[in-house]
């Protein structure tokens, strides 16, 4: 290992101040060579210290004997196949994800851990792709319910394996180290050299690699313009342990803002998915693992949650990116009185519970339920390739009806994506408002006004109902929320009518 001073071989002193061996060498070491004679003399002396007459001939070409030192053919750095990993890339052998589907006989009647289903898919991909696929994550594989992978492989470790270690060994295919930076760097190198990978991380701490993601996305954008650059496997993040289920970790682990940062990149590079249940997560994961030259973000919870779509309905929903859930709507294909939209697993749950609450009060109300699984579908097709064109968007969200939108992240992001749309002024978005603590799942939603009662109350405020009726409903909502708050403070858990809620195909009156 050679240890050298910072700025070694450069000017030692400029204007009486040290440059070599100091922070100044990392700036512009001689700033005024055009106007200051002494600076120009120092600069000329510095350049001549490299003895260019020995390096170049009279025409400025590199000396023959030096050119002969450069590697030739595939030994050149630019021609090494590992530096153009797409030329080495082999398709993953991916089993049919339908085999891992959760049985959903009726929407909202069974529960499952969505990421556990994906863990089984990853397990079998690892088993059949033992030399070109790895799973990466900062010490959270088991926490994120992906531990099925340890049935076929270990965590990688080249150090001593202790008797207390579990699923650890030198041949492991799971790169697990408590450093998001290291996981990101290892994964990028793995992808760039022609392999495939999958990165699982707690949602709040993906921000740690913001700048690293930036550089990878910029590289992909430029590489797309170079015809000799072969496509590489996409970088896919699974963000789980998300903002709405921090029952133990609390406020420090509550931040859904990575997707805000993420969508600043070029539309032909980034994709954002918010699957509401296990089967949509499986369909999205399969798509992302097969894709090329993208960065994908998938946000999905790991806790037991209600399941909404059977596998075929999930595939079709993911293909469209967003759509009307007719089974939950009461508009019967006519123009609705109100649109209840949602993106994310917890927002979907609370929206459907709000719809059931509204139906119990106003059985004749025409409600349209819209679920968004591909966030970029909200943008116009002229902005993002996944975006809907304006006529299709208007046919779903209407041109003039109120839209109550329950969103997984910060509300301003939905406004940012939809501000060009005809009906944007009628979009009323509920999402994370930087309110949180260590509390129950439902209380967390209430603190940010994403719960079913705040959503229903906002809907009523937008509907042409009598002031007396609206006031009565708001009173009932306030009383219910106060009662739930007392229960949670007394028992440290959500009340049974919240924990045990299930979707009913018909109004509960």
Of the residues in region 1-34, those that are surrounded by 18 or more Cβ atoms within 10 Å (Cβ to Cβ), outside any loop (DSSP other than H, G, I, E, B) and free of Cβ contacts under 8 Å to residues at least 24 places away in the same chain come to 24, 25
Subset of region 278-316 [assigned to a helix (DSSP H, G or I) and more than 18 Å from residue 118 (Cα to Cα)] | 316
Tell me, yes or no, whether region 187-197 has at least one residue that is surrounded by 15 or more Cβ atoms within 10 Å (Cβ to Cβ) and out of contact with any helix residue (DSSP H, G or I) (no Cβ under 8 Å at 6 or more places or on another chain).
-> yes
For region 398-433, what are the residues that are farther than 19 Å from residue 458 by Cβ, surrounded by fewer than 20 Cβ atoms within 10 Å (Cβ to Cβ) and either within 24 Å of the chain's Cα centre (by Cα) or touching a residue at least 40 places away in the same chain (Cβ under 8 Å) (or both)?
-> 416, 419, 420
Part of a loop (DSSP other than H, G, I, E, B) and in contact (Cβ under 8 Å) with a residue 24 or more places away in the chain - does that describe any residue in region 197-217?
-> no
State whether one or more residues within region 134-142 are within 23 Å of residue 184 (Cα to Cα), at pLDDT 95 or above, assigned to a helix (DSSP H, G or I) and within 24 Å of the chain's Cα centre (by Cα).
-> no
Would you mind stating whether residue 318 is in contact with a strand residue (DSSP E or B) (Cβ under 9 Å, 6 or more places away or on another chain), under 20 Å from residue 201 (Cα atoms) and without any contact (Cβ under 8 Å) to a residue 60 or more places away in the chain?
-> no
Check whether at least one residue in region 78-91 is surrounded by 12 or more Cβ atoms within 10 Å (Cβ to Cβ), in contact with a strand residue (DSSP E or B) (Cβ under 6 Å, 6 or more places away or on another chain) and modelled with pLDDT of 95 or more, and report yes or no.
-> no
Identify the single condition in (1) at pLDDT 95 or above; (2) under 14 Å from residue 139 (Cα atoms) that residue 217 does not satisfy, given that it satisfies every other one.
-> (2)
Answer yes or no: is there a residue in region 226-249 that is modelled with pLDDT of 95 or more, part of a helix (DSSP H, G or I) and within 24 Å of residue 343 (Cβ to Cβ).
-> no
Looking at (1) free of Cβ contacts under 8 Å to residues at least 12 places away in the same chain; (2) under 40 Å from the mean Cα position of the chain (by Cα), which is the only condition residue 84 fails?
-> (1)
Please go through region 449-477 and pick out each residue that is touching a strand residue (DSSP E or B) at 6+ places or on another chain (Cβ under 7 Å) and not in a helix (DSSP H, G or I).
-> 449, 450, 463
Checklist (1) part of a helix (DSSP H, G or I); (2) surrounded by fewer than 15 Cβ atoms within 10 Å (Cβ to Cβ) applied to residue 166, failing item = (1)
Among the residues of region 145-158, is any within 20 Å of the chain's Cα centre (by Cα) and not assigned by TED's automatic domain parsing to the domain that holds residue 344?
-> yes
Would you say residue 127 is assigned to a helix (DSSP H, G or I), at pLDDT 95 or above, in contact with a helix residue (DSSP H, G or I) (Cβ under 7 Å, 6 or more places away or on another chain) and under 30 Å from residue 205 (Cα atoms)?
-> no
Can you tell me which residues in region 35-76 are over 51 Å from the mean Cα position of the chain (by Cα), assigned to a helix (DSSP H, G or I) and either exposed (fewer than 10 other Cβ atoms within 10 Å of the Cβ) or on the phi > 0 side of the Ramachandran plot (or both)?
-> 37, 54, 64, 65
Are any of the residues in region 110-122 exposed (fewer than 12 other Cβ atoms within 10 Å of the Cβ) and in a loop (DSSP other than H, G, I, E, B)?
-> no
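The values are calculated or read from the model by the stated rules, or taken from the named source; none is laboratory data. All figures in this text were calculated on a predicted structure; none of them were measured in a lab. Cβ coordinates were reconstructed from backbone atoms using ideal geometry, including for glycine residues, and neighbour counts include every protein chain displayed.
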